[in-house]
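Please treat every number below as a calculation from the coordinates, not as lab data. From a predicted model like this one, the values you see are computed outputs, not experimental measurements. All Cβ positions, glycine included, derive from the backbone under ideal geometry; neighbour counts span all protein chains shown.
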Amino acid sequence: MCEADSLEELRETLGVCQRCTLSQSRNRLVFGAGNPDAEVMFVGEAPGRAEDAQGLPFVGPAGHLLDDLLAGIGLAREDVYITNVVKCRPPGNRDPLPLEVETCGPFLTGQIALIKPKIICELGRIAAGVMMGRQIQITKIHGQKFLGRGYLNVPVFHPAAALRAPATADLLRQDFVNLKSYLEEDEPPPPAPEAEPEQMGLF
Ligand code: URA
């Protein structure tokens, strides 16, 4: 983890990052944005084209759907914090490589430690797999809550997947309804299933 007293300090530590080769093809580094005291923190996969151009997370079509989903549960972008597993756009929007995830990991861990959200909501299979330290099937675990590393984790479908398939959009809307109810309750969630030894871990 990167020790910092504030998100601003953590961002300064990241600097003009050249820790991995994604720095060579990115236009703008996308650190994250939102409320530093957010109760819910969203973690996506990686910046896409619009995010790479603007330096902000989820500002393209998937981001517009995310705004809509947030509004549906009475939240606005300003209420939550949004970031990604890796802070730079992979070429052609490919999945981030394990080394890229590992290199960026301390910054995501640092963001989580500073924000201390009540819920971490992983947007999509990649983010959920990284946070849970294992390959997961998002179709099996979406919308459920898991205790992991001291946080309540709620993996959901990626909004981009919902844009491609109306049936997935319906499931994602229900995931957000679940998320709202988890935010309102106090009881501790069940522990995450055991990770297997060779699985990639963020923490
Ligand atoms: N998809 C992501 O996973 N993250 C973004 O910021 C945008 C699209």
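Take the eigenvalues of the Cα gyration tensor for the chain, scale each by 5, and report the square roots as semi-axes in whole Å, largest first. Numbers along the way, then the final one.
Numbers: eigenvalues 110, 73, 61 Å².
Equivalent-ellipsoid dimensions as semi-axes: 23, 19, 17 Å.
The residues packed around residue 125, meaning those with a beta-carbon under 10 Å from its beta-carbon, carry a net charge of -3 if Lys and Arg are +1 and Asp and Glu are -1. Placing unit charges on the Cβ atoms of the charged side chains and taking the dipole of the range 1-108 about its Cα centre, the candidate lying farthest along the positive direction among 96, 31, 81 is 96.
If you take the alpha carbon atoms of the range 1-64 and fit the smallest convex hull around them, that volume is 108 Å³ per residue.
Would you mind getting me the FRET efficiency between residue 97 and residue 186? Use the beta-carbon distance for r and R0 = 30 Å, nearest 0.05. Could the numbers behind the result be given before it?
Values: r = 39 Å, r/R0 = 1.31.
Efficiency computed from Cβ-Cβ geometry: 0.15.
Cα centroid separation, the range 143-190 to the range 25-67: 18 Å.
Between the DSSP loop rule and a limit of at most 16 other Cβ atoms within 10 Å, which trypsin sites (Lys or Arg not before Pro) in the range 41-148 are left?
Values: sites: 49, 77, 87, 94, 118, 125, 134, 140, 145; in loops: 87, 94, 118, 134, 145.
In loop regions of the range 41-148 (DSSP not H, G, I, E or B), the sparsely surrounded trypsin sites (Lys or Arg not before Pro) are 94, 118.
Tell me what the chain gives for mean residue ellipticity at 222 nm when only DSSP H runs of n ≥ 4 count, each as -39,500 (n - 2.57), the sum divided by the residue total, rounded to 500 deg cm²/dmol.
The helix-only estimate for the chain comes to -12000 deg cm²/dmol at 222 nm.
Subtracting the Cα-Cα distance of residue 5 and residue 113 from their residue separation scaled by 0.36 nm leaves 37.9 nm.
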